[in-house]
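Participant: I have a structure here, written as structure tokens, and I will follow up with some questions on it.
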Amino acid sequence: MHYAYALWAVAICVCHTWLPQLVAASASSLSTGAKRYDFFARTGDNLVRLPFFGGGVAQLLRYLRPMEQAGGIERRSALRMSLDENYVSYRGAQLWKLNFNGTRRRGDSSPDAQFNQFVEDFGSEVWNINQDGIDIIIEHKNVAAAQQYMEQTAFSYNIMIDDIETAIDETYTEVNEADTDNTLANYSLPWLNREGALLTWRRYHDQGDMQQFLQNILETHSELAEIVQIGLTRNKRPLEVLRISNGNPNNWAVFVDAGMQARDWLSPAALTYAISKLSWLWEQDEADKAMRHIDWYFLPLANPDGYQYSRLTDRLWTKNRSYDSASGCYGVNLDRNFDYGWGQAGSTSNPCKNLYHGAKSFSEPETRAMRNFLLGMRDYLGAYVSFGGYGQAITYPWGDADYVTSNQRELRNTARQAILNFRRLNHAEYSMGSSYRQKLARSGNAADWVQQHIEPQYVYNVFLKDQGRYGYLMPPHYILESGEEAYEFLKTIAQQLH
């Protein structure tokens, strides 16, 4: 049987087995009066050819382990191609770091001019600006010419990933017990073994598994948890916020999101880890006292359409899945679609580019839903935190230009405390500073809008691991320590709120 038909047979069989259990779970939650809205309301995306199944492609591969082992890790790319005829392959593309220091020789032209020329001629996208260099993707067809060009410039460079597709394959793997060193945490921790939950934090899960995890939190911590659907995406996926609170009306609120960029799989995984740890410790009366006096609002997946598309079709997709009829291109960068500084430096009006800011501010249902929900919290929002990848940096407004906020000293002091806590936790080194200085221009981003229109005590973007070795393609064995860092940051915020 052809591989594609084999996969279809497995998917249909598994769905037929699990759907009655899902319906039963839905009926059970409704009968208990759980505080839940439209959990099982789900409309298919015509770009996704698989029936709904909790684990997505990665879960299907577990049922096809003999076939996978026969062909090695590269078989995974072939399997994904058979699942989706539109699958985008990055075979032979590379991730380079252009170093700021350690130049090889002086050229005749300025370094800035040489860099700009290099990006224009050879680079497909700049991924990140780090303290030590610039991370840039080089398409396979340009690799040889780019290497030849670099021999004539003042820059030195390192090849961080010599084949992007191989690195993509690694993000679909699952961590085995033998692969863990147990220096930070291990998979026997009680909040990692939730009965009935599909999330394992051994691999990256799809949106359906995350929804089921939120439902599990609701059912097992019903006195603390509530789920609010704040909107729907273009493809009718729910935007769900989990509220965890002791119900005290005098609490400060903290809103936390993750996964605004679709290809960033690490931050949703890290945030769900932090949620699991917080809810379990809270139930055991072991959570930090400050954390139990906060109304926590978690949006673990701010861009579910883009995230699912990145899992099945284009691993490096970063936007949502709206459609621009004039250009025929898909997607808006959600973190450029807020109206503070909208359309200025660090974004583009080209709908086909990754930094496309949309036809107008708040043109997207995801950003409108966040705006409306956050404005409703204006009187008691103490902090806004957005987790994302990558760069190991804690940043605060502004992102559109090199200005300072009136509360910058307080923002710096709390960020510095978080960095010290990270070092004690696992020796992680994070940088800190304004968003503009750390990441250059990011006009239209969510954090700046929150700072301008709501003015809570704290507004942060936390860019998780790493500093450029893997970039957006972090292997899953980094999930645990990143989750610990996310939890540690939230604890720091709770302790500093007053």
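Participant: Give me Rg/Rg_expected for the stretch 425-493, where Rg uses Cα atoms only and Rg_expected = 2.2 N^0.38 Å with N residues.
Facilitator: Working: Rg = 13.8 Å, N = 69, 2.2 N^0.38 = 11.0 Å.
Normalised Rg, Cα atoms only: 1.26.
Participant: Give the long-range amide H neighbours of SER347: residues separated by 5 or more places, or on another chain, with amide H under 5 Å away, using H modelled in the peptide plane at 1.01 Å from N.
Facilitator: SER443
Participant: Separate question: Once you've got the Cα coordinates, tell me which of LYS360/LYS439; LYS319/LYS360; LYS236/LYS353; LYS319/LYS353; LYS289/LYS491 are over 21 Å apart.
Facilitator: Beyond 21 Å: LYS360/LYS439; LYS236/LYS353.
Participant: OK, next. Can you tell me the length gained on complete extension of the stretch ARG378 to ASN193, counting 0.36 nm per residue apart and subtracting the Cα distance?
Facilitator: Working: separation 185, 0.36 × 185 = 66.60 nm, distance 3.62 nm.
Contour length minus Cα-Cα distance gives 63.0 nm.
Participant: Still on this model: Could you go through the stretch 152-169 in sequence order and give the Karplus-derived ³J(HN,Hα) for each residue, using 6.51 cos²θ - 1.76 cosθ + 1.60 with θ = phi - 60°, rounded to whole Hz, and x for Gly and Pro?
Facilitator: Listing the rounded values in order: 9, 10, 8, 8, 9, 8, 10, 8, 7, 10, 8, 8, 4, 5, 5, 5, 4, 4 Hz.
Participant: On the protein heavy atoms, probe 1.4 angstrom, tell me the percent of accessible surface of the stretch 289-350 carried by carbon and sulfur.
Facilitator: 44
Participant: Using a 10 Å cut-off on Cβ atoms, rank the peptides 199-208, 370-379, 142-151 from the highest mean neighbour count down.
Facilitator: 199-208, 370-379, 142-151
Participant: Quick check: pseudo-label points 7 Å beyond the Cα along Cα→Cβ at THR220 and GLU429, how many nm apart are they?
Facilitator: 3.7
Participant: Each residue of the stretch 233-243 in turn: what ³J(HN,Hα) in whole Hz from Karplus with 6.51, -1.76, 1.60 and θ = phi - 60°, glycine and Pro shown as x?
Facilitator: Karplus-based 3J(HN,Hα) across the stretch 233-243 equals 7, 4, 8, 6, 7, x, 9, 10, 10, 9, 9 Hz.
Participant: Something else now. Within the stretch 129-169, what residues put their amide N at less than 19 Å from the label point 7 Å along the Cα-to-Cβ vector of ASN350?
Facilitator: Counting backbone N atoms under 19 Å from the label point, the list is 129, 135-143.
Participant: Please give, to one decimal in nm, the separation of the simple spin-label points placed at ASN413 and GLN148, each 7 Å out from Cα toward the Cβ.
Facilitator: Going from the ASN413 label point to the GLN148 one covers 5.9 nm.
Participant: Determine how large the accessible area of HIS477 is when every protein chain is in place; take a 1.4 Å probe and give Å² rounded to the nearest 10.
Facilitator: Result for HIS477: roughly 90 Å² accessible.
Participant: At 1.4 Å probe size, with no ligands or nucleic acids counted, give the accessible surface of PHE213 in Å², nearest ten.
Facilitator: Rounded to the nearest 10, that gives 0 Å².
Participant: So what are the ³J(HN,Hα) numbers for the stretch 246-253, from phi and the Karplus equation (6.51, -1.76, 1.60; θ = phi - 60°), rounded to whole Hz, Gly and Pro as x?
Facilitator: Listing the rounded values in order: 8, x, 6, x, 8, 5, 6, 9 Hz.
The values are calculated or read from the model by the stated rules, or taken from the named source; none is laboratory data. If you're wondering where the values come from, they're calculated on a predicted model, not measured in any experiment. Cβ atoms come from the backbone with ideal geometry, glycine included; neighbour counts cover every protein chain shown. Note: areas computed on protein heavy atoms with side chains; ligands, DNA, RNA excluded. Shrake-Rupley method; radii C 1.70, N 1.55, O 1.52, S 1.80 Å.
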